[in-house]
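Presented below is the structure to which this report refers.
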Amino acid sequence: MNAQREVIYKRRRNALFGERLQLDIMNMLYDTCEDIVLNAKVDNNLDGLKLNAIAVLGVDFQIELEELEKSSEAELTEKLYDDAYAAYHSKNKGIVEKSLPILKQLHKTKGATVQNVLVPFTDGKKQIGVSANLEQAVATEGREVVESMEKMITLAIIDQAWKEHLREMDDLKQSVQNAVYEQKDPLIIYKFEGFEMFKQFIGRVNEDATSF
């Protein structure tokens, strides 16, 4: 549990203070692309690959069955990552273009009294309010809004998933006690199962944050 906490708290610190957050986002995006490709390559499922690319990444991945069959997992991951990364930057640019005129108007009329603005972001299912400094948002031509969005959404998704994972680990702790009756070492089972659950948890955080 201490090893798992160290991984998660490091990610939270990166998000909270902005250190390495961009690298974390790129890694989350790459790992998510890799998972999508690995799942598709099992049986060369072209439809599944395209559907997951749209559902998780919002990308219309242009690929034919022949390319899926002949390309390596690493090559396909790189191709999907490049498309997803370009789409991510395009969406961030769209956020800036939509919000900047409103922010400039707000700064002009209420800049003396309003310090922070709350910008709502939604994926159509859940909504997360992102607080950004109005002065900084205007001074950085809207970049502050995007950086605040990246920070707040990463934190919100990590925290929600971590709470669920802690409950699952607690349930596991209770269930492995039964291993004693089967003459098995509950600690070994707990460590093994806990590690597998943590890998799934990291995958879920990567996918949820990337998707949102």
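In debye, nearest 20: dipole of the chain around its Cα centre with unit charges on the Cβ of K, R (+) and D, E (-)? Please list the in-between numbers first.
Working: 27 positive and 36 negative charges, 267 e Å.
That gives the chain a dipole magnitude of about 1280 debye.
Within straight cross-link reach of Lys191, meaning Cα distance under 22 Å, which lysines are found once same-chain residues fewer than 8 apart are removed?
Answer for Lys191, where 22 Å is the Cα cut-off: Lys10, Lys163, Lys173, Lys199, listed by chain and number.
May I ask for log10 I(q)/I(0) of the range 44-151 at q = 0.12, 0.17 Å⁻¹, from a Debye sum over the Cα atoms as equal point scatterers with solvent left out?
-0.56, -0.82
To the nearest Å, what is the center-to-center distance of the range 103-139 and the range 64-89, using C-alpha atoms only?
That distance is 35 Å.
Using R₀ = 22 Å, calculate the FRET efficiency as 1/(1 + (r/R₀)^6) where r is the Cβ-Cβ separation of Met197 and Arg13; round to 0.05. Walk me through the numbers on the way to the answer.
Numbers: r = 23 Å, r/R0 = 1.04.
For Met197 and Arg13, the calculated efficiency is 0.45.
HN-Hα J couplings of the range 198-206 from phi, Karplus 6.51/-1.76/1.60, θ = phi - 60°, integer Hz, Gly and Pro as x?
5, 4, 5, 4, 4, x, 5, 4, 4
I'd like the Karplus ³J(HN,Hα) series for the range 21-35: coefficients 6.51, -1.76, 1.60, θ = phi - 60°, whole numbers in Hz, and an x wherever there's a Gly or Pro.
4, 4, 5, 4, 5, 4, 5, 4, 5, 5, 4, 5, 4, 5, 4
Given the options Tyr190, Val96, Leu46, identify the residue whose Cα lies farthest towards the positive end of the charge dipole of the chain (+1 on Cβ of Lys, Arg; -1 on Cβ of Asp, Glu).
Positive-end residue among those listed: Val96.
Of the accessible area of the chain, with the probe set at 1.4 angstrom, what percent is carbon plus sulfur?
Values: 6720 of 12900 Å².
That share works out to 52 percent.
Using r as the Cβ-Cβ distance of Gln62 and Gln183, and R0 as 41 Å, what FRET efficiency do you calculate, to the nearest 0.05? Could you put the intermediate results ahead of the total?
Values: r = 56 Å, r/R0 = 1.36.
Efficiency, rounded to the nearest 0.05: 0.15.
Would you mind working out the accessible area per residue for the range 103-152, using a 1.4 Å probe, and quoting it in Å²?
On the way: 3090 Å² over 50 residues.
Per-residue value: 62 Å².
The values are calculated or read from the model by the stated rules, or taken from the named source; none is laboratory data. Note that this is a predicted model, so its numbers are computed, not measured. FYI the Cβ positions are ideal-geometry reconstructions off the backbone, even for glycines, and counts take in every protein chain you see. For the accessible areas, the whole protein counts, side chains as well, though only heavy atoms, and no ligand, DNA or RNA atoms are used. Shrake-Rupley method; radii C 1.70, N 1.55, O 1.52, S 1.80 Å.
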